Protein chains: 4
Amino acid sequence: MRFFSDNAAPAHPRVLEAIAAANRLDTAYDGDDWSRRLDGALSDLFATEVRAFWVTTGTAANCLALAALCPPYRAILCHKDAHIEVDEAGAPGFFTAGAKLILLDGDGAKITLHAVAAACDGIRKDVHQVQPAAISITNATEYGLVYCAAEVARIGEFAKEHGLALHMDGARLANALASSGDKLADMTWRAGVDALSFGFVKNGGLNSEALILFRTELADEIAVRRKLAGHLLSKGRYLAAQLLAMLENDLWLDNARASNAAAQALAKAAADRLLYPVEANEVFLRATAEESARLRAMGFDFYDWGPGEIRLVTSWDQHGSAIDSLAAAIAGL
Amino acid sequence: MRFFSDNAAPAHPRVLEAIAAANRLDTAYDGDDWSRRLDGALSDLFATEVRAFWVTTGTAANCLALAALCPPYRAILCHKDAHIEVDEAGAPGFFTAGAKLILLDGDGAKITLHAVAAACDGIRKDVHQVQPAAISITNATEYGLVYCAAEVARIGEFAKEHGLALHMDGARLANALASSGDKLADMTWRAGVDALSFGFVKNGGLNSEALILFRTELADEIAVRRKLAGHLLSKGRYLAAQLLAMLENDLWLDNARASNAAAQALAKAAADRLLYPVEANEVFLRATAEESARLRAMGFDFYDWGPGEIRLVTSWDQHGSAIDSLAAAIAGL
Amino acid sequence: MRFFSDNAAPAHPRVLEAIAAANRLDTAYDGDDWSRRLDGALSDLFATEVRAFWVTTGTAANCLALAALCPPYRAILCHKDAHIEVDEAGAPGFFTAGAKLILLDGDGAKITLHAVAAACDGIRKDVHQVQPAAISITNATEYGLVYCAAEVARIGEFAKEHGLALHMDGARLANALASSGDKLADMTWRAGVDALSFGFVKNGGLNSEALILFRTELADEIAVRRKLAGHLLSKGRYLAAQLLAMLENDLWLDNARASNAAAQALAKAAADRLLYPVEANEVFLRATAEESARLRAMGFDFYDWGPGEIRLVTSWDQHGSAIDSLAAAIAGL
Amino acid sequence: MRFFSDNAAPAHPRVLEAIAAANRLDTAYDGDDWSRRLDGALSDLFATEVRAFWVTTGTAANCLALAALCPPYRAILCHKDAHIEVDEAGAPGFFTAGAKLILLDGDGAKITLHAVAAACDGIRKDVHQVQPAAISITNATEYGLVYCAAEVARIGEFAKEHGLALHMDGARLANALASSGDKLADMTWRAGVDALSFGFVKNGGLNSEALILFRTELADEIAVRRKLAGHLLSKGRYLAAQLLAMLENDLWLDNARASNAAAQALAKAAADRLLYPVEANEVFLRATAEESARLRAMGFDFYDWGPGEIRLVTSWDQHGSAIDSLAAAIAGL
């Protein structure tokens, strides 16, 4: 049983069905029937007018957004453990043509208003120092913590006061929402988010993510940048259809609830080993090398996260006996 | 009936089946079973050791290759009608961080050795002028002409003599090969091609193209650049599986033969209207506005290509009555 | 006697005196007394409010301006013989992070409205093709022709109608003005120019050029980009002082008149050999290899410009016997 | 009396004389007599074959070097207080087209081998994380500390073992050498430095710095990149002449000794207030707001460096009574 990453899980059957259903001739790029329904479907979901773009990776969603929000000569404030800093090969620098990430501390990969403010205060307002243009937060964070809507709103308020844009890397936004119970609108645009990388692939999708613009005036630039970066697929309908399938009957939310529930089951079994509160679908545990080896010997796979630490990520399709047996194994260590 | 572009055609059923068959948990990114078979499968096909990378667009394949072959301060020689110049939104400039395209003339979007040599001769060898680093050719060309292996080899020889790399945009390489009867190896690495964008999407694929490196020492850089550009999908197995399905039993070649045959049928019916010889699956015709309107009234869709000119592109799935009826309609204009 | 380039001429003594006079401690970068007088001095000269930046090269002036006027994913229309295309090593691509130059034809390196309009008309308004953002013209041109103010105004009008910015490479603007007799204001901002590279180095300066912004709202971005590109010298006063010396008592105009007069003297002597009308300080002549060799044997140095063609450039300090003897030599060929 | 920065000091009279002496017609760019002597003069100075390039700023020297040493998709390890991180407006990101700076801790802006090794160890060797390509150190550091030759050699050894290039920002290398007594060769290429930004402007120069390549095979790329970045001045002789004047009779070393001696005099007077050992020409002191105000009231200008901290920088031309009076003022606080 693999608990490496929700990235590796299979796609939901309804996503595959949607791809098959899209397998007929239509207009190329994003002129097809499915792609043209995206703006409407996502505007409905967010209860405001948005512009939505399919892309195939979270890195593309994040970095296209950041390139539109930050010129080459300014900076993006983010947590030092943010995916854009740690796991995207420097893509923000490439897409923005040189913008800088200013790294912030904070427990569990959550940035604090205090850290943001301190970083801003520390920058002289002259041409020698790189001035910030945007803040990027990840929700749920890289350590499985959740910013509730009110927390995002406080960051959004700071951003607006300081003329900064706000980007949310929502690779696991579904898990964050399923956890916090907040409304999607409250968590995003009402909280001041300008652009959102809305993740589906980790949540039962196949290869389609959504970049959501609440500042719709950025849409023309994003459309060009998507093409510029080689991300305008010629048969876009297969991506759009995946997103529409995920939205239908809130499949995206059901999937997130399932993976969150699985994580909770593991958290319960490992209550005295938790490195972070389990708020989404990631479980970070203390485990000795010997304990890790025992779990692996029982057929469970996962990442070592540091000396004496392991990471377990649950997926939309993991429930029942798979989870129970891992929970039991952890409890029995 | 749509003859806009092979870009818009459906995917071949065996490609969809391969995607469905890949729908199980595996390692993320390109560590899965399918992705790991690509180098071997394509090395077999090309009869030499290659490194193969799945990407989702031809633009990505072209521009990743060009970025590895040309530094920011040098230039790529290509035809003025090349896709990289005309239809990729300036992506070569973005991926290379500023390299220049030097545009060449030539009938039917084929560059001539004479034009390449004249361009090189016209560049002073100093730091003020941009020195060329690579040549890029498209086969079949944007006007449906084919470079045979011997023609490519002459360009390849020139390139080597002048210290230039050679890239081939093979968005329709299958059509070119099906047309020329050359061997894949003769058309590519034996002719001096260093990197190839091997197209599958226009040829019955869904959303997977292949970037093939014959200079395998570039593989590490391309692997990083693919990630850097947001093109390393987390569930890469669905892309790799498509490519393997296309290779199996030479589906890629069968598809190309089918679309070429359809184009030949149209060419025969339109022999006195042809703007270019029909060597692949594109047919450019003279047609008055009134004639175009009549064809459209009969249910045929296609692009106007200029005053009095139209473009018809055939796909792997167009044959039999669909083609016959268009052929008859053209003949009857 | 060297007629290679006005680039190689000595600096005017008053420029050197100004440098010496600035040799005392002052604030670093552009906070010094001299730098702070630039905006005012140049606003007076142009009879409108401008923001002025010293830089050390025309390439820097041109490319900083273009980077502020054109995003990475759009294009600049310019003549195919423009300095930014031919002699700046691809710097526009580097400074803009990938923007494209769209090359236009036109006699004597002057672009025509017709060519601009045709280029714009040929671009599909979609994300696949690179949309223009700016026009750049060189005055005097690379072949020594002059756009009069009315000609610039027609291009400026077209630019505004089409939402394009207008940049002028004025490496030899002084020569153009001395030739046309137009007012500086009429030639620039009243004609729709948004940013001007105002050349002094070819005109008796030492190493200081001016970038002039008529759209003053771009000044903050240019200030940052100048630093970003390593062009904010720490002892800027030596550059500012040069510019102020050139402006004082219209030294810049006197110098241009002198070099223009020298060119006219040569043109008169070579009337039947001229490749272009001589409107500034460059003289392009037909001369056989044997004739060129004779001139060189007499001690005159210059560039061959192509088979049977030579280029002579006059400088602010060339007059009297030096010019007379070359004129006589040409007449006597 | 100003103690803001050595950046603001006047140029040495011999530098001005050299500029005046260069004021005659010569070949443009770097083809002139002075520029052509640079490689030789600096090869003699360093006792090895080097390639030397004049540039007008330390930022240009640093970033041109880094662009040649680090591709867009890799990283440069440097101290978190390094000039390239803190005071160059993000120029390394611009010149490299996106490379990342990995920031290290260390007292007084000196990096430690331990910090370098820990940073390298923390990077997974995969395509998701940015791999380092170079180390950059500043000598003397931004806090006026000096790496002796042996310390540099240890870093150089680590670099070579790990396949990393080594760059030295030597904006105040003269001060470092005057302080440590090491030989120039031992401090640079013998210690493993690949490229050196050799500063002269802070040390009595006017506007010419030198970029020194010990890996001479990088010279062609640097020559192109210098032009590409708009840093190839057309009248380069005025820059080359400055450098030659600084080298003549070791003026550069005499100047550094003078500013170091001035700093030592201040350090002695402020022994109980020093924040860092004074090893070059910068003096960081504890001083209350009230004390700072008193110094300023006496006519001394300097930067506040933080709450209760001030920075005094001495220049080549500050000695005698100017220094004595400040020393006395500090002692009397």
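The values are calculated or read from the model by the stated rules, or taken from the named source; none is laboratory data. Here the structure is a predicted model, which is why all the values come from computation and not from measurement. Cβ coordinates were reconstructed from backbone atoms using ideal geometry, including for glycine residues, and neighbour counts include every protein chain displayed. For accessibility, only protein heavy atoms count, side chains too; no ligands or nucleic acids. Shrake-Rupley method; radii C 1.70, N 1.55, O 1.52, S 1.80 Å.
Annotations
- Subset tally (residues that are within 26 Å of the chain's Cα centre (by Cα) and assigned to a loop (DSSP other than H, G, I, E, B)) for segment A:295-306: 2
- In segment D:1-25, the residues that are touching a Ser or Thr at 6+ places or on another chain (Cβ under 9 Å), facing chain C (nearest Cβ under 8 Å) and not in a helix (DSSP H, G or I): D:Arg2, D:Phe4, D:Ser5, D:Ala9, D:Pro10, D:Leu25
- Residue within segment A:271-286 that is out of contact with any strand residue (DSSP E or B) (no Cβ under 6 Å at 6 or more places or on another chain), aliphatic (A, V, I, L, M) and more than 30 Å from A:Leu206 (Cβ to Cβ) present: yes
One line per residue, one yes/no per condition, for (1) within 30 Å of A:Ser325 (Cα to Cα); (2) crowded, with 23+ Cβ neighbours inside 10 Å; (3) modelled with pLDDT of 95 or more:
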{"residue": "A:Met1", "(1), (2), (3)": "yes, no, no"}
{"residue": "A:Pro13", "(1), (2), (3)": "yes, no, yes"}
{"residue": "A:Ala18", "(1), (2), (3)": "no, yes, yes"}
{"residue": "A:Ala21", "(1), (2), (3)": "no, no, yes"}
{"residue": "A:Asp26", "(1), (2), (3)": "no, no, no"}
{"residue": "A:Arg51", "(1), (2), (3)": "no, no, yes"}
{"residue": "A:Trp54", "(1), (2), (3)": "no, yes, yes"}
{"residue": "A:Cys63", "(1), (2), (3)": "no, yes, yes"}
{"residue": "A:Leu69", "(1), (2), (3)": "no, yes, yes"}
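Table: residues versus (1) more than 19 Å from B:Phe94 (Cα to Cα); (2) touching a residue at least 60 places away in the same chain (Cβ under 8 Å).
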{"position": "B:Arg24", "(1), (2)": "yes, no"}
{"position": "B:Thr27", "(1), (2)": "yes, no"}
{"position": "B:Asp33", "(1), (2)": "yes, yes"}
{"position": "B:Arg37", "(1), (2)": "yes, yes"}
{"position": "B:Asp44", "(1), (2)": "yes, no"}
{"position": "B:Ala47", "(1), (2)": "yes, yes"}
{"position": "B:Thr59", "(1), (2)": "no, no"}
{"position": "B:Leu66", "(1), (2)": "no, yes"}
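- Screening D:Ser315 with (1) surrounded by fewer than 24 Cβ atoms within 10 Å (Cβ to Cβ); (2) within 18 Å of the chain's Cα centre (by Cα); (3) not β-branched (Val, Ile, Thr) gives one miss only, at (1).
- Looking only at segment D:152-171, residues that are crowded, with 24+ Cβ neighbours inside 10 Å and in a loop (DSSP other than H, G, I, E, B) come to 2 in all.
- The lone exception for B:Asp301 - which of (1) away from chain A (no Cβ under 14 Å); (2) open to solvent by less than 60 Å² (accessible area, probe 1.4 Å); (3) among the acidic types (Asp, Glu) it fails: (1)
- In segment A:32-41, the residues that are within 14 Å of another protein chain (Cβ to nearest Cβ) and either polar (S, T, N, Q) or open to solvent by less than 20 Å² (accessible area, probe 1.4 Å) (or both): A:Asp32, A:Ser35
- Among the numbered conditions (1) polar (S, T, N, Q); (2) outside any loop (DSSP other than H, G, I, E, B); (3) touching a residue at least 40 places away in the same chain (Cβ under 8 Å), the only one that C:Ser292 does not meet is (3).
Conditions tested, residue by residue: (1) within 14 Å of chain A (Cβ to nearest Cβ); (2) part of a helix (DSSP H, G or I); (3) among the hydroxyl-bearing types (Ser, Thr, Tyr); (4) in contact with a helix residue (DSSP H, G or I) (Cβ under 7 Å, 6 or more places away or on another chain).
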{"position": "B:Arg226", "(1), (2), (3), (4)": "yes, yes, no, yes"}
{"position": "B:His231", "(1), (2), (3), (4)": "yes, no, no, yes"}
{"position": "B:Tyr238", "(1), (2), (3), (4)": "yes, yes, yes, yes"}
{"position": "B:Gln242", "(1), (2), (3), (4)": "yes, yes, no, yes"}
{"position": "B:Leu247", "(1), (2), (3), (4)": "no, yes, no, yes"}
{"position": "B:Asn260", "(1), (2), (3), (4)": "no, yes, no, yes"}
{"position": "B:Ala265", "(1), (2), (3), (4)": "no, yes, no, yes"}
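- Among residues of segment D:267-289, those that are of a type outside the set (D, E, K, R), within 22 Å of the chain's Cα centre (by Cα) and not in a strand (DSSP E or B), counted: 7
Results for (1) within 11 Å of chain B (Cβ to nearest Cβ); (2) outside any loop (DSSP other than H, G, I, E, B), shown as yes or no for each residue.
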| residue | (1), (2) |
| --- | --- |
| A:Ser43 | no, yes |
| A:Thr48 | no, no |
| A:Phe53 | no, yes |
| A:Thr59 | yes, yes |
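- Enumeration of residues in segment B:132-151 that are buried (at least 24 other Cβ atoms within 10 Å of the Cβ) and touching a Gly at 6+ places or on another chain (Cβ under 7 Å): B:Asn139, B:Thr141
- Of all the criteria given as (1) more than 12 Å from chain C (Cβ to nearest Cβ); (2) in a helix (DSSP H, G or I); (3) closer than 19 Å to D:Gly236 by Cβ; (4) in contact (Cβ under 8 Å) with a residue 60 or more places away in the chain, the one not satisfied by D:Gly108 is (3).
- Residue satisfying condition, being touching a helix residue (DSSP H, G or I) at 6+ places or on another chain (Cβ under 7 Å), surrounded by fewer than 24 Cβ atoms within 10 Å (Cβ to Cβ) and not acidic (Asp, Glu), within set B:Leu218, B:Leu177: B:Leu218
- The residues of segment B:72-97 that are away from chain A (no Cβ under 12 Å), buried (at least 24 other Cβ atoms within 10 Å of the Cβ) and not in a strand (DSSP E or B), listed by number, are B:Tyr73, B:Ala82.
- Qualifying residue in segment A:146-169 (condition: under 24 Å from A:Asp87 (Cα atoms) and in contact with a Phe, Trp or Tyr (Cβ under 7 Å, 6 or more places away or on another chain)): no
- Matching entry among D:Asp182, D:Asp220, D:Asp254 (being at pLDDT 95 or above and within 14 Å of another protein chain (Cβ to nearest Cβ)): D:Asp220
- Qualifying position, being surrounded by fewer than 24 Cβ atoms within 10 Å (Cβ to Cβ) and not β-branched (Val, Ile, Thr), among C:Arg237, C:Arg257: C:Arg257
- Single unsatisfied condition, B:Gly320 versus (1) surrounded by 14 or more Cβ atoms within 10 Å (Cβ to Cβ); (2) under 24 Å from B:Leu206 (Cα atoms): (1)
- If the condition is being within 15 Å of the chain's Cα centre (by Cα) and in a loop (DSSP other than H, G, I, E, B), then segment D:172-185 contributes only D:Arg172.
- For segment B:186-215, the set of residues classified as more than 11 Å from every other protein chain (Cβ to nearest Cβ), open to solvent by less than 10 Å² (accessible area, probe 1.4 Å) and part of a helix (DSSP H, G or I) consists of B:Met187, B:Ala191, B:Asn203, listed by residue number.
- Residues located in segment A:111-137, provided they are in a strand (DSSP E or B), without any contact (Cβ under 8 Å) to a residue 60 or more places away in the chain and under 16 Å from the mean Cα position of the chain (by Cα): A:Ile135, A:Ile137
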